[in-house]
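I have placed the structure first, in the form of structure tokens, so that the comments after it can refer back to it.
The values are calculated or read from the model by the stated rules, or taken from the named source; none is laboratory data. This one's a predicted model, so the numbers in the text were calculated from it and none came from an experiment. Cβ placement follows ideal geometry from the backbone for every residue including glycine, while neighbour counts extend to all protein chains displayed.
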Amino acid sequence: MLVLGIESSCDETAASVVEDGKRVLSNVISSQISIHSPFGGVVPELAARHHLEAIIPVMEKALHEASVELNDINLLAVTQGPGLIGALLVGISAAKALHYVSNIPLVGVDHLHGHIQSAFFSDEPIEFPLVLLVVSGGHTSLFYSENVGSYRLLGNTRDDAAGEAFDKVAKMLGLGYPGGGIIDRLARDGNPAAFRFPRAFLGKESYDFSFSGIKTAVANFLRDYGNPASENKTSYRIEDLVASFQEAVVDMLLEKAFKAAENFKVRHLAIVGGVAANSRLRKRFMEEGEFRGIKIHLAPLEYCTDNAAMIAAAGYYKYLNEGEEKNPLEFEPYSRRKEVPLKQVNFSSKT
Ligand code: KG4
Ligand code: ZN
């Protein structure tokens, strides 16, 4: 089955053709980084406008690179939410239009389900049950899963997402947007133990995260010891600062993810989303997994940040399980995750 995936929830316009939820035939991404970077973050109005310009060429390119035509496509899968409403509407309207002219079945896909599916693009077979860490610019969530498409929420960030913390710290330091990749590269030349930033663990029972404290700690550090964004010379190396910040974020993610894996007695742990591209995070999770005998599945680098291949793959499984949208021309985008049917886990029954 050939699926055309469409993604426009944030600042990437993407389309991809995927066969049977696994074999990626094309993966086209038009990034808006250069448009938003002068503002230090995504400007929703600009994002929607750019999606509008990019969506048709991007879909055409995805079909062309896969050497297929619209008639060959068996299913349309488009991100329904969470995301920026104006941005989501562009992808959804394009998908509805394609459905209208071709009658190809259409499914709306949850963006987080898409990220989760990206773990399955690696060659390593993933076994269930499994714990999943979704860690991106908009989300930091832990899930427990017994099969594809069914994910129980264990914990969530209570404030910023981990990627947001990377982006905000990079912004404070005047490093540019998005900050994760920039900090990752700088930190490779820094000492992660140079400074000790606070780790928020929020109690033994909790699988929640919090990253606002570390953001404030970095802001206080810059106030006390100087900020290279405004001073020629500081008494510390910026590489050491960002490596120490990154280490604290990775520690928090690692602690909760492995605690969930141990408590739920799973042997497989998957990490997906933009921050899963972080080289230090990848190394630390692999080492810890080896030490604890838990198999680590990292989304392949090219599928960590937003893409439409993951949406096509998640759409394929949704279609197999639930069929097409009942009212394909009427379904609406949603901006926040609460509207997604992901159940909060009941801790008294650890299944
Ligand atoms: O998954 P994604 O593309 O979009 C969301 O769904 O949010 O994630 C983007 C986030 C940004 O916050 C970016 O700074 C972060 O992922 N990111 C990274 C790295 N590459 C991207 N964070 C840390 N290290 C990286 N190498
Ligand atoms: Zn994303």
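So, of the residues in the stretch 179-198 that are in a loop (DSSP other than H, G, I, E, B) and among the small types (Gly, Ala, Ser), which turns out to be nearest to ligand 2 (Cβ to nearest atom)?
GLY190
Give just the number: which of (1) within 16 Å of ligand 2 (Cβ to nearest atom); (2) of a type in the set (D, E, K, R); (3) surrounded by fewer than 17 Cβ atoms within 10 Å (Cβ to Cβ) does GLU7 not satisfy?
(3)
Report yes if LEU342 is crowded, with 18+ Cβ neighbours inside 10 Å and at pLDDT below 95, otherwise no.
Details: crowded, with 18+ Cβ neighbours inside 10 Å: yes; at pLDDT below 95: yes.
Taking the combined requirement at face value, the residue satisfies it.
Confirm whether VAL148 is crowded, with 17+ Cβ neighbours inside 10 Å, in contact with a His (Cβ under 7 Å, 6 or more places away or on another chain) and closer than 23 Å to VAL24 by Cα.
Details: crowded, with 17+ Cβ neighbours inside 10 Å: yes; in contact with a His (Cβ under 7 Å, 6 or more places away or on another chain): no; closer than 23 Å to VAL24 by Cα: yes.
Here the answer is no, as VAL148 does not meet what is asked.
Among all residue pairs at least 6 apart or on different chains, which show Cβ distances below 7 Å where the first residue, located in the stretch 267-295, is outside the structural domain of ALA187 (by TED's automatic domain parsing) and the second is at pLDDT below 95 and within 16 Å of ligand 1 (Cβ to nearest atom)?
none
So how many residues does the stretch 114-145 have that are touching a residue at least 60 places away in the same chain (Cβ under 8 Å), more than 12 Å from ligand 1 (Cβ to nearest atom) and outside any loop (DSSP other than H, G, I, E, B)?
11
Can you tell me which residue within the stretch 152-178, out of those that are farther than 29 Å from ALA261 by Cα and within 16 Å of ligand 2 (Cβ to nearest atom), is surrounded by the most Cβ atoms within 10 Å (Cβ to Cβ)? So that I can check it myself, show each step before the final result.
Just the residues of the stretch 152-178 that are farther than 29 Å from ALA261 by Cα, to begin with: 168-178.
Add one more test, that the residue is within 16 Å of ligand 2 (Cβ to nearest atom), and what stays is 177-178.
Numbers: TYR177: 19, PRO178: 25.
Per the stated criteria, the residue is PRO178.
Suppose we filter PHE201, PHE245, PHE285 for residues that are surrounded by fewer than 22 Cβ atoms within 10 Å (Cβ to Cβ) and more than 16 Å from ligand 2 (Cβ to nearest atom); which single one remains?
Answer to the check: PHE201.
Show me the helices (runs of 4 or more DSSP H) found entirely inside the stretch 1-107 where at least 1 residues are away from ligand 1 (no atom under 16 Å from the Cβ) and aliphatic (A, V, I, L, M).
Values: elements: 33-36, 44-65, 85-102.
Ranges flagged: 44-65, 85-102.
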